[in-house]
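Remarks on the structure that follows.
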């Protein structure tokens, strides 16, 4: 429970007060009971989600099967249109677009596609063209924490006393936690 929440509880709930071990024990038993109910709710939800996921998979399988059939029909029609467009192009070699009421048949020149073998390419660039190489730098924050300490709200390197720039220290209050067995 956060500090603001604790203050709000103190201000709003003046009826029930925990002022002895008996009442504290009662609260812990209630918390344990509520946590058990949460677990039961979680179990129920997970079972329902599994059922829903099974139904979702069935719907997705149906969708895949139906759309696969339609995709085959689309490919069949496109292959027939391609043959027709080739025929039109034989009659007019400069043909780029043939417009029809429900669409167009188009021929477009494509740029070459580059396929990369990243390891070989990196070796080549390291040997010959350093300016093509990108290097990503980042600070090892775990290592920084092991070499630094907080003094007066600032991070300082322990060995040198140098103030570390780019780090803001945010103090946080105590955290209250209730643990049940």
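Where a number appears in this text, it was derived from the coordinates with a stated rule and is not lab data. Just so you know, these numbers come straight off a predicted model, no measurement behind them.
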Which three extents, in angstrom, do the Cα atoms of the chain have along their principal axes, listed largest first?
99, 57, 31
Helix 118-128 versus the longest principal axis of the chain: what is the Cα-based angle in degrees, 0 to 90, to the nearest 10?
90
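Would you work out if segment 17-109 is rounded, prolate or oblate? Take a ≥ b ≥ c from the square roots of the eigenvalues of the alpha-carbon gyration tensor; rounded if a/c is under 1.5, else prolate when a/b is larger than b/c, oblate otherwise.
Since a/c reaches 1.5 and a/b is larger than b/c, the shape of segment 17-109 is classed as prolate.
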If you fit an axis through the alpha-carbon atoms of helix 21-91 and take the longest principal axis of the Cα set of the chain, what angle between them do you get, 0 to 90°, nearest 10?
10
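Averaging sequence separations of C-alpha pairs under 8 Å and six or more residues apart, then dividing by the length of the chain, give the relative contact order as a whole percent. Could you put the intermediate results ahead of the total?
Numbers: 64 pairs, mean separation 36.8, N = 181.
The value is 20 percent.
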